[in-house]
Every structure is written in C-alpha cells, then in structure tokens.
Amino acid sequence: MSEINELYQEMILDHTKSPRNYKALPTSNRRMEGYNPLCGDRYTVYLDLADDVIRDISFQGSGCAISKSSASMMTQAVKGKTTEEARRLFQEFHKMITGVTEYNKNLIGKLTVFQGVSEFPVRVKCATLGWHTLAAALTGNEKTVSTE
Ligand code: ZN
C-alpha cells in the first residue's frame, strides 16, 4: 500500500511542479475564476467549448499543491469530453473525495490519486476548486465561484 501512496504522491508532485495546460487560452469562449478563501487558492479556468464538447481547456493561477495538481489533472481528464461527460466525471470525483465508498472507479481512473484527500475535509475544497470552477464555466455563470 505504501508503494502505491508513494506513486500517488509523486504524481501529485509532478503535476504541482509542472502543471499541464497551465496557460491562458487565446481561443477560449468561456472563462471562470475560482477562489477557495480557506486556503487562498485562486485559479482561472479557460474553456474552448463547441457543440457541447470541451475542445480545449487550460488554467492559470496560484494555490497549494493539492489544488494545483488537481486542476492540472482535471484539464487532462476532461479535454475532448462532452459537457455531460465532464459533469458526470465531477460527480464521481466529488463522491470519491467526500468519502462516498460507491463511485465509478473506471471513470475516475488516474484521478484516484486524490482519494486520500477525503480524510482531510479542509483539503477537499482545494481538490475540488478546479472542478467547481469548471462546472460554473460550463453553465456559463459569469460570477467568480467560491468554495464557501
Ligand atoms: Zn489549497
């Protein structure tokens, strides 16, 4: 088990040090800012949305390792997916991270590295910030989304 935990930690560290899709997106047609006042995490999520498909996604901002690595892996996970698929993935991710034992492990895939976060309620807000921001961007809400 500890080997798996180490592997997970390495993956989180890797995404913290070199986050994927970490840039502004010139082609974006949706943009949403997310803020977690509990930790100070603040990110902007950029979407290039066409015909209900996430053609491209990126993010930028600053925050702790968990929030940054989670947002980074989220961008990889939802790129090319339909808005419905992305919402469904967030639902499953949310179940896992809040400690619900029954969630779709096949759908979750690599995102399972964050499962341990469910033991730290304060950290759950960090791990879900990118996702909440994405969900708000998908609904086209123009306001800043906050985890509070
Ligand atoms: Zn945080």
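See the values below:
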read-out: Amide H partners (placed H, <5 Å) of Asp48, local residues excluded; value: Asn29, Arg55, Asp56, Ile57
read-out: Inter-site label distance for Asp52 and Asp14 at 7 Å from Cα along Cβ, in nm; value: 3.4
read-out: The chain: mean projected area of Cα convex hull, nm²; value: 8.2
read-out: Charge dipole magnitude, Cβ of K and R +1, D and E -1 - region 3-140, Cα centre, debye nearest 20; value: 280
read-out: Sequence ranges 76-89, 37-50, ranked by mean other-Cβ count within 10 angstrom, highest first; value: 37-50, 76-89
read-out: Highest to lowest packing among 101-110, 17-26, scored as the average C-beta count within 10 Å; value: 17-26, 101-110
read-out: Rounded to 5, percent antiparallel among DSSP beta bridges of the chain; value: 85
read-out: Degrees, to the nearest 10: 83-97 long Cα axis against longest axis of the chain; value: 30
read-out: Relative contact order of region 3-140, pairs being alpha-carbon contacts under 8 Å that are 6 or more residues apart, as %; value: 27
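Rule-based calculations on the coordinates, nothing more; no lab input. A quick note: this is a predicted structure, and the numbers were derived from the prediction, not measured. Counting neighbours? That spans all protein chains shown, and the Cβs are built from the backbone with ideal geometry, glycine included.
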